Amino acid sequence: MLRPGPNLIRWAKRLPMLALPALLGGCDMVVMNPAGDIAVQQRDLILFSTGVMMLIIVPVMVLTVVFARKYRRGNANKTYDPKFDHSTTLELVIWACPLLIIIALSAVTWTSTHLLDPFRPLERLGPGRPVPAGTKPLEVQAIALDWKWLFIYPDLGIATVNELALPVDVPVHFSITSTDQFNTLYVPTLAGMIYAMPTMKSELNAVINKPVTSEGYSGNYTGRGYSDMRFKFYGRSPDDFARWVSGIKAGGGALQTANYIDLAKPSEKVPVMRFASVQSGLFDRIVNRCVEPGKPCMVDVMARDMARAGGNPNDHRMGAGMAPGRGAAPIIGEKPVPALQKAPEDKGSGPNVTKPGKPGAPGQTKPGDQRNRDMSAVSPILVPGAARAVRA
(Lines give C-alpha, C1' and ligand atoms only; values in the text may rest on other atoms or scores of the structure.)
Protein backbone atom coordinates (compact mmCIF):
# COMPACT_ATOMS: atom_id res chain seq x y z
CA MET A 1 0.00 0.00 0.00
CA LEU A 2 1.45 3.35 -1.05
CA ARG A 3 1.90 6.01 1.61
CA PRO A 4 1.64 9.73 0.72
CA GLY A 5 4.94 11.55 0.79
CA PRO A 6 5.68 14.52 3.09
CA ASN A 7 5.27 17.06 0.26
CA LEU A 8 1.81 15.74 -0.59
CA ILE A 9 0.76 15.92 3.05
CA ARG A 10 2.04 19.50 3.30
CA TRP A 11 0.12 20.61 0.21
CA ALA A 12 -3.01 18.85 1.47
CA LYS A 13 -2.85 20.94 4.65
CA ARG A 14 -2.62 24.12 2.58
CA LEU A 15 -5.67 23.38 0.44
CA PRO A 16 -8.19 24.98 2.87
CA MET A 17 -6.16 28.18 2.86
CA LEU A 18 -5.98 28.18 -0.93
CA ALA A 19 -9.77 27.76 -1.11
CA LEU A 20 -10.50 30.91 0.95
CA PRO A 21 -9.98 33.39 -1.94
CA ALA A 22 -12.37 31.34 -4.06
CA LEU A 23 -15.02 31.50 -1.33
CA LEU A 24 -14.55 35.25 -0.90
CA GLY A 25 -14.96 35.69 -4.64
CA GLY A 26 -18.69 35.07 -4.18
CA CYS A 27 -19.08 38.05 -1.82
CA ASP A 28 -20.62 41.20 -3.26
CA MET A 29 -19.09 44.23 -1.56
CA VAL A 30 -21.96 46.54 -2.50
CA VAL A 31 -20.77 49.31 -0.18
CA MET A 32 -17.52 49.46 -2.15
CA ASN A 33 -19.37 49.30 -5.50
CA PRO A 34 -21.96 52.11 -5.26
CA ALA A 35 -24.19 53.25 -8.09
CA GLY A 36 -25.26 56.64 -6.70
CA ASP A 37 -23.33 59.84 -6.06
CA ILE A 38 -24.14 59.94 -2.32
CA ALA A 39 -23.02 56.34 -1.88
CA VAL A 40 -19.83 57.11 -3.86
CA GLN A 41 -18.96 60.00 -1.55
CA GLN A 42 -19.62 57.82 1.49
CA ARG A 43 -17.39 55.09 0.09
CA ASP A 44 -14.61 57.61 -0.55
CA LEU A 45 -14.99 58.83 3.03
CA ILE A 46 -14.58 55.27 4.33
CA LEU A 47 -11.48 54.71 2.17
CA PHE A 48 -9.94 58.02 3.22
CA SER A 49 -10.54 57.40 6.93
CA THR A 50 -9.17 53.87 6.67
CA GLY A 51 -6.10 55.04 4.76
CA VAL A 52 -5.33 57.78 7.28
CA MET A 53 -5.65 55.38 10.20
CA MET A 54 -3.34 52.93 8.42
CA LEU A 55 -0.61 55.55 8.64
CA ILE A 56 -0.41 54.64 12.33
CA ILE A 57 -1.51 51.01 12.28
CA VAL A 58 0.93 49.77 9.63
CA PRO A 59 4.10 51.36 11.14
CA VAL A 60 3.15 50.09 14.61
CA MET A 61 2.67 46.54 13.33
CA VAL A 62 5.94 46.66 11.36
CA LEU A 63 7.92 48.12 14.26
CA THR A 64 6.50 45.48 16.61
CA VAL A 65 8.08 42.77 14.47
CA VAL A 66 11.32 44.76 14.01
CA PHE A 67 11.77 45.40 17.74
CA ALA A 68 10.93 41.82 18.65
CA ARG A 69 13.55 40.57 16.19
CA LYS A 70 16.23 43.12 17.02
CA TYR A 71 16.01 42.85 20.80
CA ARG A 72 15.45 39.12 21.06
CA ARG A 73 17.55 37.19 23.54
CA GLY A 74 19.52 35.34 20.86
CA ASN A 75 20.66 38.50 19.04
CA ALA A 76 24.28 39.17 19.98
CA ASN A 77 24.26 42.59 18.28
CA LYS A 78 21.35 44.07 20.26
CA THR A 79 21.91 47.36 22.11
CA TYR A 80 21.33 47.51 25.86
CA ASP A 81 21.13 51.00 27.38
CA PRO A 82 19.61 50.97 30.88
CA LYS A 83 20.21 54.72 31.30
CA PHE A 84 17.94 55.73 28.38
CA ASP A 85 14.93 57.74 29.62
CA HIS A 86 13.99 60.36 27.02
CA SER A 87 14.20 61.24 23.33
CA THR A 88 12.80 64.54 22.11
CA THR A 89 12.69 63.33 18.51
CA LEU A 90 10.83 60.17 19.49
CA GLU A 91 8.35 62.13 21.60
CA LEU A 92 7.63 64.50 18.70
CA VAL A 93 6.97 61.62 16.34
CA ILE A 94 4.80 59.75 18.85
CA TRP A 95 2.57 62.77 19.60
CA ALA A 96 2.68 64.73 16.33
CA CYS A 97 1.56 61.92 14.02
CA PRO A 98 -1.65 61.04 15.91
CA LEU A 99 -2.39 64.74 16.37
CA LEU A 100 -2.13 65.37 12.62
CA ILE A 101 -4.35 62.37 11.91
CA ILE A 102 -6.99 63.58 14.38
CA ILE A 103 -6.94 67.04 12.78
CA ALA A 104 -7.35 65.55 9.30
CA LEU A 105 -10.19 63.24 10.36
CA SER A 106 -11.92 66.07 12.25
CA ALA A 107 -11.84 68.37 9.23
CA VAL A 108 -13.16 65.68 6.91
CA THR A 109 -15.84 64.66 9.41
CA TRP A 110 -17.05 68.24 9.84
CA THR A 111 -17.27 68.93 6.10
CA SER A 112 -18.80 65.57 5.18
CA THR A 113 -21.38 65.82 7.98
CA HIS A 114 -22.78 68.95 6.32
CA LEU A 115 -22.26 67.95 2.68
CA LEU A 116 -23.83 64.50 3.16
CA ASP A 117 -26.67 65.64 5.43
CA PRO A 118 -29.63 63.47 4.32
CA PHE A 119 -32.02 66.43 4.76
CA ARG A 120 -29.92 68.63 2.45
CA PRO A 121 -31.27 68.90 -1.13
CA LEU A 122 -28.94 67.61 -3.81
CA GLU A 123 -26.68 70.12 -5.48
CA ARG A 124 -25.16 67.75 -8.01
CA LEU A 125 -25.91 64.53 -9.88
CA GLY A 126 -22.24 63.58 -9.89
CA PRO A 127 -18.76 65.12 -10.01
CA GLY A 128 -18.93 68.20 -12.24
CA ARG A 129 -22.66 67.66 -12.94
CA PRO A 130 -24.82 70.14 -11.02
CA VAL A 131 -28.55 69.59 -10.72
CA PRO A 132 -30.24 71.54 -13.57
CA ALA A 133 -32.14 74.60 -12.39
CA GLY A 134 -35.84 73.99 -11.81
CA THR A 135 -35.46 70.21 -11.49
CA LYS A 136 -38.15 68.74 -9.26
CA PRO A 137 -37.06 65.66 -7.31
CA LEU A 138 -39.06 62.46 -7.49
CA GLU A 139 -41.03 62.05 -4.26
CA VAL A 140 -41.00 58.62 -2.63
CA GLN A 141 -42.67 57.82 0.71
CA ALA A 142 -41.12 54.79 2.45
CA ILE A 143 -43.03 53.05 5.26
CA ALA A 144 -41.49 50.25 7.31
CA LEU A 145 -44.12 47.65 8.21
CA ASP A 146 -43.81 44.34 10.09
CA TRP A 147 -42.01 42.82 8.16
CA LYS A 148 -42.08 44.44 4.75
CA TRP A 149 -41.57 47.78 3.02
CA LEU A 150 -44.24 49.95 1.43
CA PHE A 151 -43.19 52.57 -1.13
CA ILE A 152 -45.65 55.25 -2.26
CA TYR A 153 -44.99 57.48 -5.26
CA PRO A 154 -47.42 60.36 -4.50
CA ASP A 155 -46.69 62.27 -7.71
CA LEU A 156 -47.25 59.17 -9.84
CA GLY A 157 -50.20 57.81 -7.83
CA ILE A 158 -48.74 54.30 -7.47
CA ALA A 159 -47.35 52.17 -4.65
CA THR A 160 -45.33 48.98 -4.28
CA VAL A 161 -44.48 46.50 -1.55
CA ASN A 162 -40.92 45.16 -1.33
CA GLU A 163 -39.94 46.75 -4.63
CA LEU A 164 -38.28 50.10 -5.25
CA ALA A 165 -37.38 51.47 -8.68
CA LEU A 166 -35.77 54.85 -9.44
CA PRO A 167 -34.87 56.57 -12.71
CA VAL A 168 -31.21 57.24 -13.45
CA ASP A 169 -29.88 60.80 -12.93
CA VAL A 170 -33.10 62.05 -11.33
CA PRO A 171 -32.92 63.51 -7.79
CA VAL A 172 -35.07 61.58 -5.33
CA HIS A 173 -36.51 62.85 -2.06
CA PHE A 174 -37.52 60.16 0.44
CA SER A 175 -39.97 60.71 3.30
CA ILE A 176 -39.45 57.83 5.73
CA THR A 177 -41.51 56.56 8.66
CA SER A 178 -42.48 53.34 10.43
CA THR A 179 -45.70 51.91 11.80
CA ASP A 180 -44.68 50.23 15.06
CA GLN A 181 -40.93 49.64 15.46
CA PHE A 182 -37.66 51.43 14.84
CA ASN A 183 -36.23 50.38 11.47
CA THR A 184 -33.61 51.71 9.09
CA LEU A 185 -33.95 52.24 5.36
CA TYR A 186 -30.69 51.07 3.84
CA VAL A 187 -29.88 50.67 0.15
CA PRO A 188 -26.06 50.33 0.06
CA THR A 189 -25.76 51.11 -3.65
CA LEU A 190 -27.85 54.30 -3.29
CA ALA A 191 -27.04 56.02 0.04
CA GLY A 192 -26.44 55.49 3.74
CA MET A 193 -28.69 54.16 6.45
CA ILE A 194 -31.60 56.37 7.63
CA TYR A 195 -33.82 55.62 10.62
CA ALA A 196 -37.52 54.97 10.19
CA MET A 197 -39.37 55.82 13.42
CA PRO A 198 -43.06 55.65 14.37
CA THR A 199 -44.90 59.01 14.50
CA MET A 200 -41.85 60.74 12.98
CA LYS A 201 -40.74 61.55 9.44
CA SER A 202 -37.11 61.20 8.36
CA GLU A 203 -35.78 62.41 5.03
CA LEU A 204 -33.18 61.36 2.49
CA ASN A 205 -32.03 63.03 -0.71
CA ALA A 206 -30.17 60.79 -3.14
CA VAL A 207 -29.66 59.92 -6.82
CA ILE A 208 -28.81 56.79 -8.79
CA ASN A 209 -26.32 57.30 -11.61
CA LYS A 210 -26.41 54.02 -13.54
CA PRO A 211 -28.74 51.06 -14.06
CA VAL A 212 -28.35 48.58 -11.24
CA THR A 213 -30.15 45.70 -9.57
CA SER A 214 -29.51 45.23 -5.86
CA GLU A 215 -31.27 44.89 -2.52
CA GLY A 216 -32.35 47.11 0.33
CA TYR A 217 -33.20 46.13 3.87
CA SER A 218 -33.57 47.28 7.46
CA GLY A 219 -30.44 47.39 9.59
CA ASN A 220 -32.35 47.35 12.88
CA TYR A 221 -33.51 44.04 14.38
CA THR A 222 -37.29 44.03 14.83
CA GLY A 223 -38.31 40.46 15.57
CA ARG A 224 -38.84 37.08 13.96
CA GLY A 225 -39.55 38.38 10.43
CA TYR A 226 -36.57 40.72 10.32
CA SER A 227 -34.35 38.38 8.26
CA ASP A 228 -36.78 38.47 5.33
CA MET A 229 -37.51 42.20 5.55
CA ARG A 230 -35.76 42.92 2.25
CA PHE A 231 -36.79 44.54 -1.01
CA LYS A 232 -35.52 44.62 -4.56
CA PHE A 233 -33.99 47.87 -5.75
CA TYR A 234 -33.76 48.76 -9.44
CA GLY A 235 -31.99 51.68 -11.04
CA ARG A 236 -33.58 52.11 -14.47
CA SER A 237 -33.13 54.38 -17.42
CA PRO A 238 -35.86 57.03 -17.77
CA ASP A 239 -37.58 55.05 -20.55
CA ASP A 240 -37.48 51.77 -18.62
CA PHE A 241 -38.76 53.52 -15.51
CA ALA A 242 -41.67 55.01 -17.48
CA ARG A 243 -42.56 51.55 -18.79
CA TRP A 244 -42.38 50.16 -15.25
CA VAL A 245 -44.81 52.84 -14.03
CA SER A 246 -47.16 52.20 -16.96
CA GLY A 247 -47.16 48.47 -16.22
CA ILE A 248 -48.18 49.10 -12.61
CA LYS A 249 -50.98 51.47 -13.61
CA ALA A 250 -52.26 48.94 -16.11
CA GLY A 251 -52.28 45.88 -13.87
CA GLY A 252 -52.08 47.00 -10.24
CA GLY A 253 -54.77 47.16 -7.59
CA ALA A 254 -55.91 50.01 -5.36
CA LEU A 255 -54.38 50.83 -1.97
CA GLN A 256 -57.17 52.07 0.28
CA THR A 257 -57.64 52.29 4.02
CA ALA A 258 -59.18 48.83 4.36
CA ASN A 259 -56.47 46.87 2.56
CA TYR A 260 -53.73 48.98 4.12
CA ILE A 261 -54.94 47.97 7.59
CA ASP A 262 -54.68 44.33 6.50
CA LEU A 263 -51.26 44.99 4.93
CA ALA A 264 -49.95 46.57 8.14
CA LYS A 265 -50.55 43.38 10.12
CA PRO A 266 -47.34 41.43 10.86
CA SER A 267 -46.48 39.04 8.04
CA GLU A 268 -43.31 37.39 6.75
CA LYS A 269 -41.81 36.72 3.32
CA VAL A 270 -44.33 38.97 1.59
CA PRO A 271 -44.08 38.83 -2.22
CA VAL A 272 -43.90 41.94 -4.39
CA MET A 273 -47.21 43.78 -4.56
CA ARG A 274 -48.14 46.68 -6.84
CA PHE A 275 -50.94 49.23 -6.59
CA ALA A 276 -52.17 51.36 -9.48
CA SER A 277 -53.78 53.93 -7.18
CA VAL A 278 -53.25 55.12 -3.62
CA GLN A 279 -55.67 56.86 -1.28
CA SER A 280 -54.74 60.52 -0.92
CA GLY A 281 -52.99 61.55 2.28
CA LEU A 282 -52.28 57.98 3.38
CA PHE A 283 -48.65 58.67 4.36
CA ASP A 284 -49.58 61.64 6.59
CA ARG A 285 -52.24 59.55 8.31
CA ILE A 286 -49.69 56.78 8.89
CA VAL A 287 -47.30 59.27 10.50
CA ASN A 288 -50.10 60.67 12.68
CA ARG A 289 -51.42 57.18 13.52
CA CYS A 290 -54.95 57.80 12.39
CA VAL A 291 -55.45 55.43 9.46
CA GLU A 292 -58.31 53.62 11.19
CA PRO A 293 -61.69 55.32 10.63
CA GLY A 294 -62.75 57.54 13.53
CA LYS A 295 -59.32 57.64 15.17
CA PRO A 296 -58.11 61.22 15.83
CA CYS A 297 -54.81 62.29 14.26
CA MET A 298 -51.93 63.29 16.52
CA VAL A 299 -51.56 66.64 14.77
CA ASP A 300 -55.22 67.46 15.47
CA VAL A 301 -54.91 66.42 19.12
CA MET A 302 -51.85 68.63 19.53
CA ALA A 303 -53.63 71.54 17.84
CA ARG A 304 -56.51 71.27 20.31
CA ASP A 305 -54.04 71.11 23.21
CA MET A 306 -52.33 74.25 21.93
CA ALA A 307 -55.62 76.07 21.65
CA ARG A 308 -56.61 74.95 25.16
CA ALA A 309 -53.29 76.31 26.52
CA GLY A 310 -53.79 79.66 24.81
CA GLY A 311 -51.38 79.00 21.97
CA ASN A 312 -51.79 79.40 18.24
CA PRO A 313 -53.08 76.15 16.66
CA ASN A 314 -51.17 77.01 13.48
CA ASP A 315 -47.88 77.46 15.34
CA HIS A 316 -46.04 74.14 14.99
CA ARG A 317 -42.76 75.18 16.55
CA MET A 318 -41.20 72.90 19.15
CA GLY A 319 -42.90 73.56 22.48
CA ALA A 320 -45.49 75.99 21.11
CA GLY A 321 -48.68 75.88 23.14
CA MET A 322 -47.11 73.97 26.00
CA ALA A 323 -48.13 74.70 29.58
CA PRO A 324 -46.19 77.62 31.11
CA GLY A 325 -43.01 76.82 33.00
CA ARG A 326 -41.61 78.34 36.17
CA GLY A 327 -40.44 81.48 34.43
CA ALA A 328 -43.78 82.17 32.74
CA ALA A 329 -46.76 84.04 34.14
CA PRO A 330 -49.71 81.83 35.14
CA ILE A 331 -52.79 81.69 32.95
CA ILE A 332 -54.94 83.11 35.79
CA GLY A 333 -53.71 85.89 38.06
CA GLU A 334 -50.29 87.46 38.30
CA LYS A 335 -46.91 85.88 38.76
CA PRO A 336 -46.22 85.43 42.51
CA VAL A 337 -43.34 87.34 44.11
CA PRO A 338 -40.85 85.28 46.15
CA ALA A 339 -40.86 86.00 49.90
CA LEU A 340 -37.27 87.25 49.90
CA GLN A 341 -38.19 89.89 47.32
CA LYS A 342 -41.22 91.21 49.19
CA ALA A 343 -41.25 94.40 51.27
CA PRO A 344 -41.30 93.84 55.07
CA GLU A 345 -44.85 95.16 55.35
CA ASP A 346 -46.01 92.68 52.68
CA LYS A 347 -44.55 89.61 54.30
CA GLY A 348 -47.00 89.40 57.21
CA SER A 349 -46.36 87.15 60.19
CA GLY A 350 -47.05 83.63 61.23
CA PRO A 351 -46.59 81.35 64.21
CA ASN A 352 -42.99 80.76 65.22
CA VAL A 353 -42.73 77.02 65.23
CA THR A 354 -39.02 76.93 66.12
CA LYS A 355 -39.05 78.88 69.42
CA PRO A 356 -38.09 76.99 72.63
CA GLY A 357 -40.81 75.04 74.36
CA LYS A 358 -42.27 75.59 77.80
CA PRO A 359 -39.96 75.38 80.83
CA GLY A 360 -39.63 71.88 82.07
CA ALA A 361 -39.76 70.30 78.63
CA PRO A 362 -37.78 67.02 78.47
CA GLY A 363 -34.08 67.71 78.07
CA GLN A 364 -34.17 71.47 78.60
CA THR A 365 -33.27 71.46 82.31
CA LYS A 366 -32.14 67.84 82.57
CA PRO A 367 -29.90 66.99 79.58
CA GLY A 368 -29.40 63.45 80.86
CA ASP A 369 -33.08 62.72 81.39
CA GLN A 370 -34.09 59.37 79.89
CA ARG A 371 -37.24 60.94 78.45
CA ASN A 372 -35.05 63.15 76.25
CA ARG A 373 -33.29 60.12 74.87
CA ASP A 374 -36.58 58.37 74.19
CA MET A 375 -37.77 61.24 71.97
CA SER A 376 -35.96 59.73 69.01
CA ALA A 377 -38.50 56.92 68.99
CA VAL A 378 -42.00 58.08 69.83
CA SER A 379 -43.32 54.59 69.12
CA PRO A 380 -40.43 52.23 69.93
CA ILE A 381 -40.09 49.19 67.67
CA LEU A 382 -40.77 46.06 69.70
CA VAL A 383 -38.84 42.84 69.36
CA PRO A 384 -41.23 39.93 68.82
CA GLY A 385 -42.13 38.47 72.17
CA ALA A 386 -40.89 41.44 74.21
CA ALA A 387 -43.19 43.30 76.52
CA ARG A 388 -43.97 46.97 75.77
CA ALA A 389 -42.04 49.36 78.02
CA VAL A 390 -44.05 51.88 79.99
CA ARG A 391 -42.80 55.48 79.89
CA ALA A 392 -42.18 57.23 83.17
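So which residues in segment 77-117 are surrounded by 11 or more Cβ atoms within 10 Å (Cβ to Cβ) and within 14 Å of LEU45 (Cβ to Cβ)? Hits for segment 77-117 are ALA104, LEU105, VAL108, THR109, THR111, SER112, LEU115, LEU116, ASP117.
Tell me yes or no: at least one residue of segment 161-171 is polar (S, T, N, Q) and free of Cβ contacts under 8 Å to residues at least 60 places away in the same chain. Scanning segment 161-171 turns up no residue that is polar (S, T, N, Q) and free of Cβ contacts under 8 Å to residues at least 60 places away in the same chain. The one condition from (1) over 18 Å from GLU163 (Cα atoms); (2) part of a loop (DSSP other than H, G, I, E, B) that VAL301 does not meet is (2). Look at (1) outside any strand (DSSP E or B); (2) in contact with a strand residue (DSSP E or B) (Cβ under 8 Å, 6 or more places away or on another chain) and you find that GLY134 fails only one, number (2). Within segment 212-226, not a single residue is in contact with a Pro (Cβ under 6 Å, 6 or more places away or on another chain), buried (at least 22 other Cβ atoms within 10 Å of the Cβ) and not acidic (Asp, Glu). The listed residues are ILE158, ILE152, ILE143, and the only one of them that is under 22 Å from the mean Cα position of the chain (by Cα), of a type outside the set (Asp, Glu) and buried (at least 17 other Cβ atoms within 10 Å of the Cβ) turns out to be ILE143.
Here is a check on your reading of the model: is VAL52 of a type in the set (A, V, I, L, M, F, W, C), closer than 30 Å to THR189 by Cβ, out of contact with any Asp or Glu (no Cβ under 9 Å at 6 or more places or on another chain) and modelled with pLDDT of 85 or more? Yes, satisfied. With respect to the conditions (1) under 30 Å from VAL108 (Cβ atoms); (2) at pLDDT 80 or above; (3) of a type outside the set (Gly, Ala, Ser), ARG73 lacks only one, and its number is (1). Scanning segment 118-154 for residues that are of a type in the set (Asp, Glu) and at pLDDT 95 or above turns up just one, GLU139. Looking at this structure, is THR199 buried (at least 17 other Cβ atoms within 10 Å of the Cβ) and under 17 Å from the mean Cα position of the chain (by Cα)? Taking the combined requirement at face value, the residue does not satisfy it.
With respect to ASP81, is the statement that it is within 30 Å of VAL131 (Cα to Cα), out of contact with any strand residue (DSSP E or B) (no Cβ under 9 Å at 6 or more places or on another chain) and at pLDDT 75 or above true? No: the conditions fail for ASP81. A count restricted to segment 271-298 and to residues that are closer than 30 Å to ALA165 by Cα, at pLDDT below 90 and assigned to a helix (DSSP H, G or I) stands at 0.
The values are calculated or read from the model by the stated rules, or taken from the named source; none is laboratory data. Keep in mind the model is a prediction, meaning the values are calculated, not measured. Don't worry about glycine lacking a Cβ; one is built from the backbone with ideal geometry, like all the others, and counts go over all protein chains shown.
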